[in-house]
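Novice: Please find one structure pasted underneath; my questions will follow.
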Amino acid sequence: MILPIRAYGDPVLKKMAQDIEPGHPGLKQLIADMFETMYAASGVGLAAPQIGQSIRLFIVDASPFAEDEDGEPTEDAHLKDFKKVFINPYIVEEDGEEWSFEEGCLSIPNIREAVMRQPKIVLQYQDEKFKEHEETFEGFAARVIQHEHDHLDGILFTDHLTPLRRRLLQGKLRDITAGRTEAKYKMRFPPAK
Ligand code: NI
């Protein structure tokens, strides 16, 4: 089932998400719904708060970046298997010189901004069977994880911008919160104050 994606301004996006335990009710269906929702919105990652659940869970699928339209491997061919579920993830290390990349977010449609992040991370997490992992990710994979991991701590990519950049975006962000936006997927906007 496709779930509506919470828009910028929804309080759930600013909350610290909670760990979950094996046997979390409805988890399997929730993960399936999140993949369906992410694909319907052509996203690369989706965090549970974005569909209104304040739990430490996000999914990614960057495998489309591994092939071009003709099915030939691209320079990101290593992303072929980068379809994953991350439960209770915590970044335990970040390393390297910050690099800039234009990020977007399904909760903030039609805005893309350059965000600086370190290129290498070590992530502790559990998979959908709650098996423990500690894994190193680099480059684009690290970038996607950092963005989604931020969502679990109530941080959006706009929080990484300079105060000036943020001020320039203020009007557009207010429009999104008010529902004045053209997303090509189902969204849910916070009730007007
Ligand atoms: Ni996002």
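Just so it is clear, none of the values below were taken in a lab; they were calculated from the coordinates. Just so it is clear, the model here is predicted, and its values are computed rather than measured. Heads up, the Cβs are rebuilt from the backbone with ideal geometry, glycines too, and the neighbour counts pull from every protein chain shown.
Novice: List the lysines whose Cα sits under 23 Å from the Cα of residue 120, skipping any in the same chain fewer than 8 residues away.
Specialist: Hits, sequence-local ones excluded: 80, 83, 84, 131.
Novice: Rounded to the nearest 0.05, what FRET efficiency do residue 102 and residue 131 have when you use their Cβ-Cβ distance and R0 = 45 Å?
Specialist: For residue 102 and residue 131, the calculated efficiency is 0.85.
Novice: Can I ask one more? Would you please state which residues of the range 1-30 a label at residue 54 would reach in this model, taking the label point 7 Å out along Cα→Cβ and a backbone N cut-off of under 17 Å?
Specialist: 6-21
Novice: Please label the shape of the range 30-78 as rounded, prolate or oblate, based on the square roots a ≥ b ≥ c of the eigenvalues of the alpha-carbon gyration tensor (a/c under 1.5 means rounded; beyond that, a/b larger than b/c means prolate, else oblate).
Specialist: prolate
Novice: Less than 14 Å Cβ to Cβ from residue 16, Lys/Arg counted +1 and Asp/Glu -1: what total charge do the surrounding residues give?
Specialist: -1
Novice: Let me check I've understood the local charge: for residue 104, count other residues with C-beta under 10 angstrom from its C-beta, Lys and Arg +1, Asp and Glu -1. What total comes out?
Specialist: My count for the surroundings of residue 104 gives -2.
Novice: Next question, about the same structure. Simple spin-label model, 7 Å along Cα-to-Cβ: residue 39 to residue 155 in nm?
Specialist: Result for the modelled spin labels: 3.1 nm.
Novice: With only alpha-carbon atoms in the gyration tensor, what are the semi-axes of the equivalent ellipsoid for the chain, in Å, largest first?
Specialist: Working from the Cα gyration tensor, I get semi-axes of 24, 21, 18 Å.
Novice: Here's something else I'd like to know. Length gain on complete extension for the stretch residue 74 to residue 112, per 0.36 nm per residue less the alpha carbon to alpha carbon distance?
Specialist: 11.4 nm
Novice: Next question. What GluC sites (Glu not before Pro) in the range 1-71 are in a loop by DSSP, with at most 10 other Cβ atoms within 10 Å of the Cβ?
Specialist: 69
Novice: Which log10 I(q)/I(0) values does the range 82-183 give at q = 0.15, 0.20 Å⁻¹ under the Debye formula, counting every alpha carbon as one identical point scatterer?
Specialist: -0.69, -1.04
Novice: Further question on the same structure: Could you work out how much longer the chain between residue 29 and residue 16 gets when fully extended? Use 0.36 nm per residue separation minus the Cα distance between them, nm to one decimal.
Specialist: Result: 2.4 nm gained on full extension.
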